[in-house]
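Participant: To start, I am sharing the structure in question, which I have written as structure tokens.
The values are calculated or read from the model by the stated rules, or taken from the named source; none is laboratory data. Since the structure is predicted, the reported quantities are computational estimates derived from the model, not experimental observations. With ideal geometry, Cβ positions are generated from the backbone for all residues, glycine too; neighbour counts draw on all protein chains shown.
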Amino acid sequence: MKPSPPPADGPPGDDGDGDDDVGGDHVDSVGWAGGFRIGLGMAAGAFALAISFGAFAVTNGWPAWLAITMSLVVFSGSAQFAIVTAMSGGGALVAGIGAAALINARFIPMSIAVARGLHGGPLQRALEGQGVVDASFVSAQRTDGTLDREKMLGATLVQWPAWILGTAIGAIFAPSTEFMRTYGLDVIFPAFFLVLLLGAIRFSARARIIAGAALVIGIVAVYFLPGGIALLLCGAAATIAAVRTRRST
């Protein structure tokens, strides 16, 4: 009997099965276990940012219970900050909701991308769709362009309670903005996104093309358009680049 041929060479941690298990062939790098594990780091960033949001909302006249309820239901830091900012400046509720909707429009291409990977009927798929949040979406991408559904949902399940708890602490105790800046709590989440991005583009030319397209569009758009629209254009550019590069492979 002829021995089986050795697996094809690939980047470290790539066993050739299409799973995104960079860093070693460990079961806990994929699936629910992988989601819970990487979700802990995301939850730390979400917790710090949520404290900032809770304090920000209360200092702008929101009752603590309303800030906590918003985190429970909305679960989107950028949208929540946008609503509070719009209303604290004397703007109408409609303006705040409009700003939040524009910012969250980035979830449209993200949801389209994950739709095939969700399970069950319409109700279950709609429920699983609530797990599409930025960091979870990025971390659940495999090197072949498919989605690790369990990893995405697991990462989100860890972040959600951390976001609510952080908001409650910030709203009740209201630490000052200077406190957040002194200890660097305001940069934890952006730094974590940077780590995820570097991990995604390290071994994938396709990911580098997508990130490059979004970067160029974002740099140009931010000088001429509001931040929310610029962010939406970045997401659209990344989606188009992903589709084009996938068709060419």
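Participant: Out of the residues in segment 136-168 that are of a type in the set (Gly, Ala, Ser) and either outside the structural domain of residue 32 (by TED's automatic domain parsing) or in contact with a Lys or Arg (Cβ under 9 Å, 6 or more places away or on another chain) (or both), which is farthest from residue 48 (Cα to Cα)? Before the answer, list the steps.
Facilitator: So the first thing to find is which residues in segment 136-168 are of a type in the set (Gly, Ala, Ser), and the list is 136, 139-140, 145, 154-155, 162, 166, 168.
Applying the additional criterion that residues be either outside the structural domain of residue 32 (by TED's automatic domain parsing) or in contact with a Lys or Arg (Cβ under 9 Å, 6 or more places away or on another chain) (or both) yields 136, 139-140, 145, 154-155.
Numbers: 136: 17, 139: 20, 140: 22, 145: 31, 154: 20, 155: 17 Å.
So the residue we want is 145.
Participant: All but one of (1) in contact with a Phe, Trp or Tyr (Cβ under 8 Å, 6 or more places away or on another chain); (2) closer than 17 Å to residue 30 by Cβ hold for residue 165; state the number of the condition that does not hold.
Facilitator: (2)
Participant: Now for a different question. Inspect segment 166-187 for any residue being buried (at least 18 other Cβ atoms within 10 Å of the Cβ), modelled with pLDDT under 80, outside any loop (DSSP other than H, G, I, E, B) and more than 12 Å from the chain's Cα centre (by Cα) and give the result as yes or no.
Facilitator: yes
Participant: Of all residues being outside any helix (DSSP H, G or I) and modelled with pLDDT under 90 in segment 52-78, which is farthest from the chain's Cα centre (by Cα)? Just the residue, please.
Facilitator: Ranking the qualifying residues of segment 52-78, first place goes to 61.
Participant: Scan 118, 127 and give me the residue that is closer than 18 Å to residue 72 by Cβ and in contact with a Gly (Cβ under 9 Å, 6 or more places away or on another chain). Steps first, answer last, please.
Facilitator: Values: 118 fails: closer than 18 Å to residue 72 by Cβ.
Within the list 118, 127, the selection yields 127.
Participant: Let me spell it out: the conditions are (1) surrounded by fewer than 16 Cβ atoms within 10 Å (Cβ to Cβ); (2) over 24 Å from residue 69 (Cα atoms), and residue 101 meets all of them except one. Which number is the exception?
Facilitator: Single failed check for residue 101: (2).
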